[in-house]
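S.K.: Just passing along the structure, written as structure tokens.
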Amino acid sequence: MALSIAACGGGGGGGGGTSAPVQQQPQNAAPTVQAGTDQTIELPTATAQLSGSATDDSSTSTLTYAWTATSGPSGVTFGTASAAATSVTFPGAGTYVLTLTVSDGSLSGTDTVSVTVGAAVYPASDSTNSDPTNHGWTKVAAADVGMNQAMLDQAATYAQTAGTAIPGSAGMIVRKGRLVHSWGDIDERFDMKSTTKSMGGIALGIAIDSGAIALTDTAQSRYAAFGAKPISNVATGYLDDITIQQLATHTAGFTKYAGWGISSSDSTTSTLQYAPGTNWSYSDSGLNWLAEVLTTVFNEDLATVLGTRVWTTLGLNSTYGLAAGAASDIHWRNNANRDQTGYVPPNRELASGMFANPNAMARVGLLFLRNGVWGEQRVLSESFVNTVHTPVPANAPLANPLASDYPGATTNYGVLWWTNANGQLPNVPRDAYWAWGLGDSLIVVIPSLDLVVVRAGDQHEGAARDAAATPGQRVWHDTDWNGDYAVLAPFLDPIVQSVSQ
């Protein structure tokens with residue numbers, strides 16, 4: 001078989017052939033990084049959202065991300081430092097530079113974003129009365145803090161009239177530490193009635209924070225004469241079991257009224273009606289016993305305790321005793337329910353007895369909104385602030401003999417403050433809580449909206465309004481106060497709904 005072989009091209013490098021071109025590998029480039037837009041936030045908001053991103057020249061590379069704080073005060077924490085989009089929390093006011101580094105495994109790219117954290121806004125001191133209009137508050141338009149003025153006007157109208165032309169109301173709406181809206185004379189003192197429980201209860205917080213007392217302590221262990229009047233209380237055998245927490249949550253078993261038997265050594269108006277921890281029963285007398293316990297713990301007049309440790313810090317003037325100074329923002333009158341003969345220091349009431357103007361009320365609300373901090377000074381622990389607006393779980397199943405007057409109280413009432421924990425006001429955030437007294441004096445704190453709302457009114461007789469009121473419904477200023485939240489909804493709902501951002 002013949003085999004033939006054909007050769008193509010010239011041997012020895014003949015010039016007729018061509019070779020394939022050499023393919024050049026593309027050079028790797030570092031990822032292109034975008035750390036996001038510079039931001040400004042304001043305390044107490046201390047957390048911002050970061051939205052970083054990156055692109056790479058290879059669709060197959062796996063990118064890794066790393067956030068670091070490269071400038072500003074120390075203590076910055078990231079939600080997930082290895083994620084392009086994450087949260088970041090700052091330790092305080094200042095300007096922070098954050099760097100996002102993105103690697104494709106070989107090369108890295110970076111970009112930075114600046115976040116400015118502004119200090120929380122507080123009103124200036126009003127102790128000199130140098131600002132007769134706004135009393136130290138920074139006044140802003142509703143739109144400047146994301147609120148609708150028409151809705152605020154609606155709320156203020158309800159607060160002043162509630163369907164009838166009743167003069168003498170005043171109030172303030174504060175957002176982000178700034179005065180947004182007010183009505184009436186915010187420097188006029190009003191009778192706080194049961195709002196005294198929450199304001200005066202700051203003394204309980206100071207005592208707890210110092211370790212001088214605990215909610216679990218029995219009252220008798222701190223004050224040997226606790227509950228001894230009338231003498232019938234001793235016979236119940238309950239006195240040595242009553243705790244500070246029960247006194248502060250209306251579960252100690254005392255009747256409502258605050259009388260102490262000034263003209264009788266065995267008055268029946270402050271008797272123990274229930275075994276402690278069995279019933280939720282609104283009790284002024286229980287709160288006045290708490291005031292005596294705290295006076296013993298401090299060995300100091302509670303008016304002095306709050307005047308020197310709180311009101312001065314808040315930039316307020318205060319007085320106590322029979323006569324109120326013309327310039328005082330808060331006045332704690334002499335005890336109207338206790339013969340003070342031989343009592344040194346004198347006792348105050350916690351059930352009632354304070355007179356304050358809306359300016360002072362709003363500062364108290366802002367103190368709680370800021371978790372017990374005023375400017376650079378801590379007045380109350382964050383733990384105590386959380387305690388006051390946290391209903392006590394053990395109280396939820398208790399009997400509530402006056403449930404028609406205090407609906408939901410066993411699951412809504414905290415420690416000396418009312419709350420919306422069970423959503424009884426459906427259009428108001430559940431983190432809202434408030435001080436509340438006869439005449440519907442109110443200090444409302446809504447942390448999720450950075451909002452404080454206060455209202456104070458004269459104590460008018462109710463007969464003139466009954467004809468204008470819906471049958472069975474209570475309106476503002478009614479002397480027959482109870483804890484029915486229905487009266488609050490027309491006031492708080494439009495304020496909450498006014499917040500758009």
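S.K.: What net charge do the residues around W417 carry, taking every other residue with its C-beta under 13 Å from that of W417, with Lys and Arg at +1 and Asp and Glu at -1?
M.R.: Details: positive: K197; negative: D431.
Around W417, the charge tally is 0.
S.K.: Cα atoms only: what Rg and Dmax, in Å, come out for the stretch 16-133?
M.R.: My reading of the Cα-based Rg and Dmax gives 23.2, 105 Å.
S.K.: Moving on to the next point. Based on Cα coordinates alone, diagonalise the gyration tensor for the chain, multiply each eigenvalue by 5, take square roots, and list the semi-axes in whole Å, largest first. Mind dumping the intermediate values first?
M.R.: Numbers: eigenvalues 826, 132, 102 Å².
After diagonalising the Cα gyration tensor, the semi-axes are 64, 26, 23 Å.
S.K.: Moving on. Grab the DSSP H runs of the chain that are 4 residues or longer, score each as -39,500 (n - 2.57), total them, divide by all residues and round the 222 nm result to the nearest 500 deg cm²/dmol.
M.R.: Working: 13 runs with 96 residues, N = 501.
Computed ellipticity for the chain at 222 nm equals -5000 deg cm²/dmol.
S.K.: What FRET efficiency comes out for the pair N482/A81, r = Cβ-Cβ distance, R0 = 60 Å, nearest 0.05? Don't skip to the answer; put the middle values down first.
M.R.: Details: r = 53 Å, r/R0 = 0.88.
After rounding to 0.05, the efficiency reads 0.70.
S.K.: Ordering S352, S500 from largest to smallest accessible area (1.4 angstrom probe), what's the sequence? Walk me through the numbers on the way to the answer.
M.R.: Details: S352 20, S500 100 Å².
Descending accessible area places them as S500, S352.
S.K.: With a point put 7 Å past each Cα toward its Cβ, work out how far D431 is from A143 in nm, to one decimal.
M.R.: 2.8 nm
S.K.: OK, next. What distance in nm lies between label points placed 7 Å from Cα along the C-beta direction at S108 and A46?
M.R.: 2.8 nm
S.K.: Using C-alpha positions alone, give me the convex hull volume of the stretch 286-355 per residue in cubic angstrom. Walk me through the numbers before you get to the answer.
M.R.: Working: hull volume 5.7 nm³, N = 70.
Normalising the Cα hull of the stretch 286-355 by residue number yields 82 Å³.
S.K.: Then there is this: Taking the Cα atoms of the stretch 383-444, what is the range of coordinates along each of the three principal axes, in descending order and whole Å?
M.R.: So the three principal-axis extents are 30, 27, 22 Å.
S.K.: With a 1.4 Å probe and every protein chain kept in, tell me what percent of the accessible surface of the stretch 83-144 is carbon plus sulfur.
M.R.: Values: 1330 of 2610 Å².
The nonpolar share, carbon plus sulfur, comes to 51 percent.
S.K.: On to the next question. Just to confirm the number: angle between the C-alpha axis of helix 358-369 and the first principal axis of the chain, 0 to 90 degrees, nearest 10?
M.R.: Helix 358-369 sits at roughly 50 degrees to that axis.
S.K.: Let me ask another. Mind checking which lysines have their C-alpha under 24 Å from K193, skipping anything on the same chain fewer than 8 residues away?
M.R.: List returned: K229, K256.
S.K.: On a 0 to 90° scale, report how tilted helix 149-160 is relative to the longest principal axis of the chain, with both axes built from alpha carbons and the result rounded to the nearest 10.
M.R.: 10 degrees
S.K.: Using a cut-off of 16 Å between alpha-carbon atoms, which lysines can reach K176, once sequence neighbours fewer than 8 places away in the same chain are excluded?
M.R.: Within reach: K139.
S.K.: In angstroms, what radius of gyration and Dmax does the stretch 322-379 have, counting Cα atoms only?
M.R.: Just the Cα atoms of the stretch 322-379 yield Rg and Dmax of 14.6, 41 Å.
S.K.: Spin-label point model (7 Å from Cα, Cβ direction): what's the A323 to A336 distance in nm?
M.R.: It works out to 2.0 nm between the two label points.
S.K.: Quick one: if the Förster radius is 35 Å, what FRET efficiency do E188 and A224 give, using the C-beta to C-beta distance and rounding to 0.05? Write out the running numbers ahead of the final one.
M.R.: Details: r = 41 Å, r/R0 = 1.18.
Between E188 and A224 the formula returns 0.25.
S.K.: Also: Normalised by the number of residues in the chain, what is the relative contact order in percent for Cα pairs under 8 Å and 6+ residues apart?
M.R.: Reported as a whole number, the value is 14 percent.
S.K.: For D187, D38, D450, give me the order by solvent-accessible area with a 1.4 Å probe, most accessible first, ignoring ligands, DNA and RNA. If you can, show how the numbers build up before the last one.
M.R.: Working: D187 55, D38 100, D450 20 Å².
Listed by decreasing accessible area, they come as D38, D187, D450.
S.K.: Please report, to two decimal places, log10 I(q)/I(0) for the stretch 170-294 at q = 0.10, 0.13, 0.14 Å⁻¹ as given by the Debye formula with identical point scatterers on the Cα atoms and no solvent.
M.R.: -0.39, -0.60, -0.66
The values are calculated or read from the model by the stated rules, or taken from the named source; none is laboratory data. What you see is a predicted model; the values in this text were computed from it and never measured. For neighbour counting, all protein chains shown are included, and Cβ atoms are generated from backbone atoms with ideal geometry for every residue, glycine included. Only protein heavy atoms, including side chains, enter the accessible area calculation; ligands, DNA and RNA are left aside. Shrake-Rupley method; radii C 1.70, N 1.55, O 1.52, S 1.80 Å.
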